[in-house]
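What follows is a short report on a single structure.
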Amino acid sequence: MMSYLHRRIRSVPWLGRAVLKSIPDYKWKVNVPSIGKMTIRLRQHRMFWLRPPLIFEGFMLGCMQRLVHKDDVVYDIGANIGLYSRFLTQIFHASNVYAFEPMESNRALLAENLRNGGCAQKVTIVPCAVGNEDGFCDFQVDDLTSNSGTLDAVTHGEPSQSRHQYGLPPSTVRVEVVRLDTFIATKGVPPPNVIKMDVEGAEALALEGARSLLLQHGPLLIIELHGAEVACQVLQVLWSVNYHCFGYFMQNGINAYKQFTPADLPSITGRYTTHFLVASPNEAILLQPIADYVADA
């Protein structure tokens, strides 16, 4: 019933706005399986209490369970309020995580959640977006869920996905943007063994700014995709730097794990034809299908 009401509210903008106003945006703590307490805001992070935590995070966490090894360096790009940084350090035992998060409100909760998990000393918060150029740019804020904020270069002046869904105009701020190639060259930081990326449509831009990193160091990639067009762009960028790309591909109602080739591009038409991608210069690492996360596996 709760899921039905949530979908109904989301489908009617004026009703959604009214319901959101009725939810106080107080800070609250919820228990997340495997990692413990996380601090959220009741309105913005309602996905943590409207449904069981982790119900949609199984594949991303399963990728980390397979690909992240003890003492790895991981870049968490689009760290949000720290869910994946917590798993990377507490459960998968990464030695260092660089958590890139451009939204100031997210960073405050990110820092608090790292303290909640006792892993703050292993995570460096980087207050930047990741893109294909260095400097400052406009960023479309998501102040309704905190999940869909993205570079203005993606929305072209339109609001973030959540604000658009609820019929609200753009909310824009200036943020610092960094290329990963520049970050590594100028900050004296180690290159990543693994990159997790969830940047709401800016995936291809972020990868374009990491060409030297990908060619020289070959990190494993775990990427959430946001639409058919960006999925095709991401695949083309990765093939150009000799990566092999795998994921679950939805076709004719069947969701099958496969390696992507250029022949697949015309078939990637829906927003979720392929939602997640894993990639590596070493094809053999990804030939075996990746399963959803299993606690204590």
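Checking the structure you have, find out if any residue of segment 249-266 is in contact with a Lys or Arg (Cβ under 7 Å, 6 or more places away or on another chain) and open to solvent by less than 50 Å² (accessible area, probe 1.4 Å).
yes
From the residues in segment 108-161 that are hydroxyl-bearing (Ser, Thr, Tyr) and closer than 26 Å to Ile184 by Cα, which one is farthest from the chain's Cα centre (by Cα)?
Ranking the candidates gives Thr124 first.
Can you find, within segment 277-295, the residue that is farthest from Arg66 (Cα to Cα) among those that are surrounded by fewer than 12 Cβ atoms within 10 Å (Cβ to Cβ) and of a type in the set (S, T, N, Q)?
Checking each candidate, the answer is Asn282.
Can you name the residue in segment 88-113 that is among the small types (Gly, Ala, Ser) and surrounded by fewer than 23 Cβ atoms within 10 Å (Cβ to Cβ) and is also nearest to Lys37 (Cα to Cα) among such residues?
Only one residue tops the list, namely Ala111.
Would you confirm, using the coordinates I've provided, whether Asp25 is acidic (Asp, Glu) and closer than 23 Å to Glu203 by Cβ?
Taking the combined requirement at face value, the residue does not satisfy it.
Would you list the helices (runs of 4 or more DSSP H) that sit entirely within segment 203-278 and hold 3 or more residues that are touching a Pro at 6+ places or on another chain (Cβ under 9 Å) and within 26 Å of Glu176 (Cα to Cα)?
Per the criteria, 211-217.
Do you know which of the residues in segment 1-42 that are modelled with pLDDT of 70 or more and in contact with a helix residue (DSSP H, G or I) (Cβ under 6 Å, 6 or more places away or on another chain) is most open to solvent (accessible area, probe 1.4 Å)?
Among residues in segment 1-42 that are modelled with pLDDT of 70 or more and in contact with a helix residue (DSSP H, G or I) (Cβ under 6 Å, 6 or more places away or on another chain), the one most open to solvent (accessible area, probe 1.4 Å) is Lys37.
I'm trying to understand the selection: among the residues of segment 49-65, which are surrounded by fewer than 20 Cβ atoms within 10 Å (Cβ to Cβ) and touching a residue at least 40 places away in the same chain (Cβ under 8 Å)?
Result: Leu50, Arg51, Leu54, Glu57, Gly58, Phe59, Gln65.
For segment 149-194, which residues satisfy the criterion of being open to solvent by 30 Å² or more (accessible area, probe 1.4 Å), hydrophobic (A, V, I, L, M, F, W, C) and over 21 Å from Asn106 (Cβ atoms)?
Ile184, Ala185 - these are the residues of segment 149-194 that are open to solvent by 30 Å² or more (accessible area, probe 1.4 Å), hydrophobic (A, V, I, L, M, F, W, C) and over 21 Å from Asn106 (Cβ atoms).
Residue pairs, Cβ under 7 Å, 6 or more apart or interchain, first in segment 26-43 and assigned to a loop (DSSP other than H, G, I, E, B), second among the aromatic types (Phe, Trp, Tyr) and open to solvent by 90 Å² or more (accessible area, probe 1.4 Å). List them.
That search, which allows pairs on different chains as well, returns Leu42/Tyr26; Leu42/Trp28.
Within segment 36-57, how many residues turn out to be more than 13 Å from the chain's Cα centre (by Cα) and within 17 Å of Arg86 (Cα to Cα)?
10
The values are calculated or read from the model by the stated rules, or taken from the named source; none is laboratory data. A quick note: this is a predicted structure, and the numbers were derived from the prediction, not measured. Here the Cβ is made from the backbone with ideal geometry for all residues, glycine too, and neighbour counts use every protein chain on show. For the accessible areas, the whole protein counts, side chains as well, though only heavy atoms, and no ligand, DNA or RNA atoms are used. Shrake-Rupley method; radii C 1.70, N 1.55, O 1.52, S 1.80 Å.
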